[in-house]
Structure formats: C-alpha cells, structure tokens
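Engineer: Can you read through this structure? Questions will come right after.
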Amino acid sequence: MPPRQREWKRAKVAVVIVLALLALGAVRTVIANWLQSRAVAAVTEHNAKQYVNVVQPQGTQDGGDTLLPGTLRGYVESPIYARATGYLLHWYVDIGAHVKQGQLLADLDTPEIDQELAQALAQRDQTSSSLGLAKSSLDRWQQLRQRDAVSQQELDERQSAYKQDLANLAAADANVRRLQQLESFKRILAPFAGVVTQRNVDVGDLIDAGGSGSGSGGGRALFALAQVDPLRVYVQLPQAYAQGVQDGQSVTVMQAELPGQKFHGTITHISGAIDVPTRSLQVEVTLPNSDGRLRPGAYVQVSLPGVAHARLLVPGNALLFRAEGPRLAVVDANGQVQLHAVVIAKDLGQSLEIETGIEASDKVIINPSDSIADGDHVLIAPPATAKEAS
C-alpha cells in the first residue's frame, strides 16, 4: 500500500484505542462513584440508627408500706392533783414505781379542814338540839289547838319553825358530809394501776386544792401516772394516704434504740376529720407492752401496710429534666419513644422510687440523650452491647 494510506490506517487504530481507553476510564469512574455513594448511604443509615439501653422497673422491697413517725403514749395518762389544801406529810412512791389501783401515794396534813369539820359537827349538834325543841313545842301546840286554847295562826308559826329547824339540820348534815369527803382527800390514792412517771413534791410542801395555789407545790401535779400495758401510738397520716387505712389493720412499730426488734399493734381509732394546719389524719394504734420494753413518750416509726401505692424502682440516670417536669423515656413495642410524666416518691441517690407514671412492664431508657423526643425511633441494644456500654 502507498505510505500515506498506511499512516491513516495506523492513525485510525490509535484513535480507536484511545477512545476505548477513555470509555473504560469513564465507566470505571461512574462505577467507583456509585459504589462510594452507596457506601456513604449505608454508613449514614447505620449512623442514623439510635441504639439505647433499657431496664424494666423493679418493685420496692417494702411492698408499698408507708413508714411514718409516731409517739408512744400510755394507754391512760393522768396528772394527780390534791383535792384538799394542806401540807405534804409523807410520800410513799417515787418515779418508776409500779402501783395498783387504790394504792396510797401520799398523805396530807390539813389542819384547816380538820377545824372546819369540827365546827360543822358542833353546828349540826346545835341544830339537832333546836330541832328537838321545835318538835316538842309543835306537839304541845297541836294538843292545845284541839282544845281551842291557841289560835291556828300560833300553831302555824310553831309548825313553820319546826320545818325550818329540820331544813337547817339537813344543811348541817350536808356540810358535815362535804368536809368529811375533803378529809378523805388527805390520802392521795392511785386512780388506776400503772407506773409513776413524775413526782413533783416533797415533804413539807404547801399543797393547794387543784394545784392552783401559790405554795411550792401549787400550780403543778403531785404525781404523774401512766398505764404502760398496753400503749397507744399516735401517728399523723398524710392526707394522700387517708383513704387507705381502716380500723383493725395490723401495723409494725420499730424503735431505733432497739435494732432488729419489731412490735406488732392494731389500729383501733381513726380521727373523723383531717387536721387543717397539717393536712393529716390522726391514727391511734394499740400496742401490747407486757414486758415493758417500750416506754411512753418515745419516738418510734410505724409501718402501715397497704397504705401507699406500690412503688417502682428505676436507676437515677434514667431521669430527664424538662420544663414540664421530670420525665422518663419509655420504648414501646414499635421502637418509638414516649416521654412519661412521673411523680418521684423518694430519691435514693442511685435509684428513684416512682409513685405514678410508669408500669412494671415498661422498658425505660437509661442514659437518654438530651435531644430525645416523643416519637423518635430507636433500637434496643442487645444485652452484650448494653453491658459494654454500661
């Protein structure tokens, strides 16, 4: 072939080869870009998935019992005052003494009452003598009236004088009985069986009737007596739990000074109204105390079963603080987040007791992000991942 034709043919071949190489490079670039975009989309989709760790709320160990402060009081407590005025002659019991009903506690010296009683007895004898004279005079005048020796007016006067002396004798007898009753108050007796908790007087103290005098023994009780078996426990129950108590319920009483010991009592009285200043209901518990280990006036803790709603325990790091109030993020069956408003009953530090807002079957997210919101789709991390995350 001529030299020029060979050159053209070689040029055509070279152009075809170059175009083929360019086409292969373009295809390679398109494929590489497609693969890269697909990888980026996969990474983006993977990163868009939000994995969370969840826990299920646990019931509290106390079973929903309500622990409230209470005060021990004697079943019967009474300050003992003197009914008669005088001086303390002798006392026979001191604090801590166990006394029986009617036992002698002290003697009083009452010279004024003694003199008044002697005067009243003399006045009664005088009135009795006058009555005898009036009676005999009335009998004579009645006989004279039958013979018309005296007028009816004179007989009526004698009869009126007799009735007046009869009334005077009754009044004198009543005064004598009153003073004799005061005389009996010289002996201070125990009104019931119990323990002497106070003795506020000593021999020689001036005792005024009713404890309202100005002497050293006035204005206060001679003794204080308490019945310690059984005891009463007074508890102020918050209004929120007032509907959950009733007479006959069993309660447990504990005292810090007696660790590990529990005492069982029964609710016997419930106040019929809520106390306005404290918004609480007074509950009275009767507590046996045959061994005397518990003492009136002590501070105790009373556990009332079934009063509080059953509480659920969740970790403290599951709580979200929002402007609307505390929230817990719960994952439903479709993997969507729901923010539940909760009421915190007690903050235990690493855990929280939840009063209302969640159920025991809910899956609560722990360590939720601050940006989590209602309706977000999340994936629950497998146990191994959750363990590594924790």
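Yes or no, residue by residue, for (1) in contact (Cβ under 8 Å) with a residue 12 or more places away in the chain; (2) polar (S, T, N, Q); (3) under 30 Å from PRO296 (Cα atoms):
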site: ALA118; (1), (2), (3): no, no, no
site: LEU121; (1), (2), (3): yes, no, no
site: GLN142; (1), (2), (3): yes, yes, no
site: ARG177; (1), (2), (3): no, no, no
site: GLN181; (1), (2), (3): no, yes, no
site: PHE185; (1), (2), (3): yes, no, yes
site: PHE192; (1), (2), (3): yes, no, yes
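Engineer: Tell me, which strands (runs of 3 or more DSSP E) lie completely within the range 315-364 with 1 or more residues that are open to solvent by less than 60 Å² (accessible area, probe 1.4 Å) and more than 19 Å from ASP376 (Cβ to Cβ)?
Structural biologist: Ranges flagged: 325-331, 343-347, 351-356.
Engineer: Same structure again: Tell me, yes or no, whether the range 253-268 has at least one residue that is within 19 Å of THR71 (Cα to Cα), at pLDDT 90 or above, part of a strand (DSSP E or B) and touching a Phe, Trp or Tyr at 6+ places or on another chain (Cβ under 9 Å).
Structural biologist: yes
Engineer: Right, here's the next one. Could you say which residue among GLN243, GLN255 is free of Cβ contacts under 8 Å to residues at least 12 places away in the same chain and of a type in the set (S, T, N, Q)?
Structural biologist: GLN243
Engineer: Right, GLN159: modelled with pLDDT of 80 or more and either among the charged types (D, E, K, R) or more than 30 Å from ASP229 (Cβ to Cβ) (or both) or not?
Structural biologist: Yes, satisfied.
Engineer: Do we have ILE95 as in contact (Cβ under 8 Å) with a residue 60 or more places away in the chain and surrounded by 13 or more Cβ atoms within 10 Å (Cβ to Cβ) here?
Structural biologist: Working: in contact (Cβ under 8 Å) with a residue 60 or more places away in the chain: yes; surrounded by 13 or more Cβ atoms within 10 Å (Cβ to Cβ): no.
No: the conditions fail for ILE95.
Engineer: Please specify each residue of the range 165-186 satisfying the condition of being surrounded by 13 or more Cβ atoms within 10 Å (Cβ to Cβ) and closer than 30 Å to VAL93 by Cβ.
Structural biologist: Of everything in the range 165-186, those that are surrounded by 13 or more Cβ atoms within 10 Å (Cβ to Cβ) and closer than 30 Å to VAL93 by Cβ turn out to be ARG178, LEU179, GLN180, LEU182, GLU183, PHE185, LYS186.
Engineer: Could you tell me how many of the residues in the range 142-151 are in contact with a helix residue (DSSP H, G or I) (Cβ under 7 Å, 6 or more places away or on another chain) and either exposed (fewer than 12 other Cβ atoms within 10 Å of the Cβ) or not in a helix (DSSP H, G or I) (or both)?
Structural biologist: Qualifying residue count, the range 142-151: 1.
Engineer: Would it be correct to say that ASP107 is modelled with pLDDT of 90 or more and of a type outside the set (Lys, Arg)?
Structural biologist: Working: modelled with pLDDT of 90 or more: yes; of a type outside the set (Lys, Arg): yes.
It is true that ASP107 is modelled with pLDDT of 90 or more and of a type outside the set (Lys, Arg).
Engineer: Going through the range 64-80 one residue at a time, which ones are more than 23 Å from ASP229 (Cα to Cα) and either open to solvent by less than 60 Å² (accessible area, probe 1.4 Å) or at pLDDT 90 or above (or both)?
Structural biologist: Matches in the range 64-80: GLY64, ASP65, THR66.
Okay, residues lined up against (1) charged (D, E, K, R); (2) open to solvent by less than 60 Å² (accessible area, probe 1.4 Å); (3) closer than 29 Å to VAL201 by Cβ; (4) in contact (Cβ under 8 Å) with a residue 24 or more places away in the chain:
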| site | (1), (2), (3), (4) |
| --- | --- |
| GLY86 | no, yes, yes, yes |
| ALA106 | no, yes, yes, yes |
| ASP156 | yes, no, no, no |
| SER160 | no, no, no, no |
| LYS163 | yes, no, no, no |
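Engineer: If you scan the range 295-314, which residues turn out to be at pLDDT below 85, surrounded by 14 or more Cβ atoms within 10 Å (Cβ to Cβ) and of a type in the set (A, V, I, L, M, F, W, C)?
Structural biologist: Once the filter is applied, which keeps residues that are at pLDDT below 85, surrounded by 14 or more Cβ atoms within 10 Å (Cβ to Cβ) and of a type in the set (A, V, I, L, M, F, W, C), the range 295-314 yields LEU304, VAL307, ALA308, LEU312.
Engineer: Mind listing whichever residues of the range 278-294 are open to solvent by 40 Å² or more (accessible area, probe 1.4 Å), among the polar types (S, T, N, Q) and at pLDDT 90 or above?
Structural biologist: Correct list: GLN282 only.
Engineer: Also, I was wondering about something else. Just checking, how many residues over the range 242-252 are open to solvent by less than 90 Å² (accessible area, probe 1.4 Å) and outside any loop (DSSP other than H, G, I, E, B)?
Structural biologist: Selection size over the range 242-252: 5.
Engineer: Which one is farthest from HIS98 (Cα to Cα) among residues in the range 182-200 that are in a helix (DSSP H, G or I) and under 44 Å from the mean Cα position of the chain (by Cα)?
Structural biologist: Narrowing the range 182-200 to residues in a helix (DSSP H, G or I): 182-184.
Still in the running and under 44 Å from the mean Cα position of the chain (by Cα): 182, 184.
Values: LEU182: 27, SER184: 23 Å.
Applying the filter and picking the extreme gives LEU182.
The values are calculated or read from the model by the stated rules, or taken from the named source; none is laboratory data. Keep in mind that this is a model prediction, so the values were computed, not measured. Cβ coordinates were reconstructed from backbone atoms using ideal geometry, including for glycine residues, and neighbour counts include every protein chain displayed. The area values use the complete protein model at the heavy-atom level, side chains included, leaving out ligands, DNA and RNA. Shrake-Rupley method; radii C 1.70, N 1.55, O 1.52, S 1.80 Å.
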